[in-house]
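The values are calculated or read from the model by the stated rules, or taken from the named source; none is laboratory data. What you are looking at is a predicted structure, and each value in this text was computed from that prediction instead of being measured. Neighbour counts are summed over all protein chains in view; Cβ atoms, including those assigned to glycine, are modelled from backbone coordinates with ideal geometry. The protein model used for the area step is the full one, side chains on, heavy atoms only, and it has no ligands, DNA or RNA in it. Shrake-Rupley method; radii C 1.70, N 1.55, O 1.52, S 1.80 Å.
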Amino acid sequence: MKKLFLMALVALVAIGANAQDKKKENPNKPVFTVVKENKITSIKNQSRSGTCWDYSTLSYFEAEILKKTGKTYDLCESFVANKTYMDRAVQVVRLHGDCQFAQGGSAYDVYYALKNYGICPEDAMPFPGSLYGDSLNNFNEFFSLMSPYVDAVARNKGKKISNQWKVGLQGILDAYLGKCPEEFTYEGKKYTPKSFAASLGLNMDDYVSITSFTHRPFYTEFPVEVQDNWRNGLSWNVPMDEMMRIIDNAVMQGYTVAWGGDVSEQGFTRQGLAYATDEKAQSLTGSDMARWLKLSATAKKGMLDSLGCKVPEIVPTQEMRQERYDNWELTDDHGMLIYGIAKDQNGREYYMVKNSWGEAGEYKGIWYMTKAFIAANTMDYMVNKNAIPKDIRKKLGI
């Protein structure tokens, strides 16, 4: 009897705890219904490295291969980083240091590496961080050595330099990232990086970059003027509404999108949500947004989770995008992979976005970013040209 009493007491305590949890449960927490979800490869972790461009774009090409062939690959970010950082150093030296040598990059860097150097699977090179005793990438020591090395070569006072600096730099790259293999075996077959890339079923002529700004003519290509676009990769410039139509059409037709944009905004949370809140909203007296704007930055962060699906958003405009780009508010902070569309309980639409921070946040490495957030904060993105609506392709002539 005593045992039964104790069991009943435990059950009552548990019920009370559950009731208390239900009381604390946020009624505004988004409840998502998937509209369209395309297949992607596993969540990766860039860890302490500025290589989102590398992880997100290889993830994009992995998804392209998965769509085309049904095969799942884990392509090697270290291979791309090794080749890209050497190329970037060469440009910095060629320009006598009058450009930036940094960890960041663009989707075009990955495209360029695949097209010109090939690729290898992840296990053909050392696991990230393993060469220096870390469990994942940690570029702190790596770049503290490499950056001054490149700067010293680029700004030396000699009238002529030899190519030996490249030998030294390659030694640093190989020490921290691993040496890029000249040949390797995958599933019982020997490959070079170029022959392996050729075996993946990708047509590198299928890929284009899209952006939307008014300082350049629409339906023409131009290199988006950000420091990490150091190769001057070209993007097609389209009106904002068409920029968004392309993403929607791509996802609904089974494609993914390698997105680059600004995640330093107030509405981007570390728990897996992103809303287009804006400090410059006008004529909002008495509205939820007006109350939101009166809060301090700290208070806003604290309220994002509680507001949930009721977070007030601005309606992005072409003019707003251009103003924020010109005054440095719209930046290319991060690269991610758009692979789906979902709706919350109020009908607000979100893109399902794969991140490269491991299984972080409420949704284990996936972010739900509203369409308004993407419209406001996109710098550019890579997409298969076959995913672009026919009327827009005709305007672009592709």
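Worth a mention:
- Filter pass, Arg393 being surrounded by 19 or more Cβ atoms within 10 Å (Cβ to Cβ), over 18 Å from the mean Cα position of the chain (by Cα) and in a helix (DSSP H, G or I): no
For (1) part of a strand (DSSP E or B); (2) under 25 Å from Tyr108 (Cβ atoms); (3) more than 15 Å from the chain's Cα centre (by Cα), each residue gets a yes or a no:
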| position | (1), (2), (3) |
| --- | --- |
| Gly347 | no, no, yes |
| Met352 | yes, yes, no |
| Gly361 | no, no, yes |
| Tyr368 | yes, no, no |
| Ile374 | no, yes, no |
| Met379 | yes, yes, no |
| Val383 | yes, yes, no |
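- Taken as a whole, the condition of being farther than 19 Å from Pro193 by Cβ and open to solvent by less than 20 Å² (accessible area, probe 1.4 Å) applies to Ala154.
- Set Thr317, Thr298: member being modelled with pLDDT under 95, among the β-branched types (Val, Ile, Thr) and either out of contact with any Phe, Trp or Tyr (no Cβ under 9 Å at 6 or more places or on another chain) or open to solvent by 10 Å² or more (accessible area, probe 1.4 Å) (or both): Thr298
- When the residues of segment 225-277 are filtered to those that are in a loop (DSSP other than H, G, I, E, B) and of a type in the set (Asp, Glu), the one that is most open to solvent (accessible area, probe 1.4 Å) is Glu225.
- Scan of segment 116-133 for residues that are surrounded by 15 or more Cβ atoms within 10 Å (Cβ to Cβ) and charged (D, E, K, R), ordered by number: Glu122
- Of the residues making up segment 219-249, those that are farther than 14 Å from Val383 by Cβ, of a type outside the set (S, T, N, Q) and touching a residue at least 60 places away in the same chain (Cβ under 8 Å) are Tyr219, Val224, Val226, Asp228, Trp230, Arg231, Pro239, Met240.
- Filter pass, Ala11 being modelled with pLDDT under 95, open to solvent by less than 70 Å² (accessible area, probe 1.4 Å) and small (Gly, Ala, Ser): yes
- Any hit, segment 81-94, residues being open to solvent by 30 Å² or more (accessible area, probe 1.4 Å), within 18 Å of the chain's Cα centre (by Cα) and closer than 30 Å to Glu183 by Cβ: no
- Hey, Ser56 surrounded by 17 or more Cβ atoms within 10 Å (Cβ to Cβ), within 16 Å of the chain's Cα centre (by Cα), in contact (Cβ under 8 Å) with a residue 40 or more places away in the chain and at positive phi or not: no
- Residue in segment 173-186 that is of a type outside the set (A, V, I, L, M), over 22 Å from Tyr112 (Cβ atoms), open to solvent by less than 40 Å² (accessible area, probe 1.4 Å) and within 25 Å of the chain's Cα centre (by Cα) present: no
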